[in-house]
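For reference, the structure discussed in these notes is given below.
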Amino acid sequence: AMAQAVKVTLSGAEEVPPVKTEARGQGAITVGDDKSVSGEVATTGVEGTMAHIHEGAKGTNGGIAIPLDDAGGGKWKLPAGATLTDAQYEAFKAGKLYVNVHSAAHKGGEVRGQLEP
């Protein structure tokens, strides 16, 4: 099975609407041909309350596809055995999935990064 590792950079400017924040994030998410998903993102300058992979094109908001686990220290990991549905996998291939880290100050998301295969 082929797997594709996608580097992702998170910023407030990517949020919809944009968020003014010093917070940043980066990581790598690997999506396999079998629709398995793994990886993590690390954030700085934000006290994240939750993080997810969402379905949505750049510039649009969308529903939660997969919640990420809080690994502590600003790190968020995909849970073991996480997989995409067929529709989510098609969205990934079309560049329509993104990672969003939420905070108490910005419940809709403080930093976001599009997954661009």
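Quick notes on this one:
- Of the residues HIS106, LEU84, SER36, the one whose Cα sits farthest toward the positive end of the charge dipole of segment 26-117, with +1 on the Cβ of Lys and Arg and -1 on the Cβ of Asp and Glu, is HIS106.
- By accessible area, using a 1.4 Å probe on protein heavy atoms only, the chain has 53% of its surface on carbon and sulfur.
- Expected 222 nm ellipticity per residue - DSSP helices of 4 or more, -39500 (n - 2.57), all of the chain, to 500: -2000 deg cm²/dmol
- Total formal charge among the other residues, if their Cβ is under 15 angstrom from that of PHE92, Lys/Arg +1 and Asp/Glu -1: -1
- Label-point separation in nm, THR83 to GLU22, each point 7 Å along Cα→Cβ: 4.4 nm
- Sites listed here are trypsin sites (Lys or Arg not before Pro) in segment 36-100 whose DSSP assignment is loop and whose Cβ has at most 13 other Cβ atoms within 10 Å: LYS58.
- A DSSP coil position with no more than 16 other Cβ atoms inside 10 Å describes the following GluC sites (Glu not before Pro) in segment 1-65: GLU22, GLU47.
- Annotation: per residue accessible area for the chain equals 51 Å², rounded to a whole number [probe 1.4 Å, protein chains only].
- Whole-Å semi-axes of the ellipsoid equivalent to the chain (Cα gyration tensor, √5λ, descending): 22, 15, 11
The values are calculated or read from the model by the stated rules, or taken from the named source; none is laboratory data. Remember, it's a predicted structure, so these values are computed and weren't measured experimentally. Cβ sites come from the backbone with ideal geometry, for glycine too, and all protein chains shown count toward neighbours. SASA here: full protein model, heavy atoms, side chains in, ligands and nucleic acids out. Shrake-Rupley method; radii C 1.70, N 1.55, O 1.52, S 1.80 Å.
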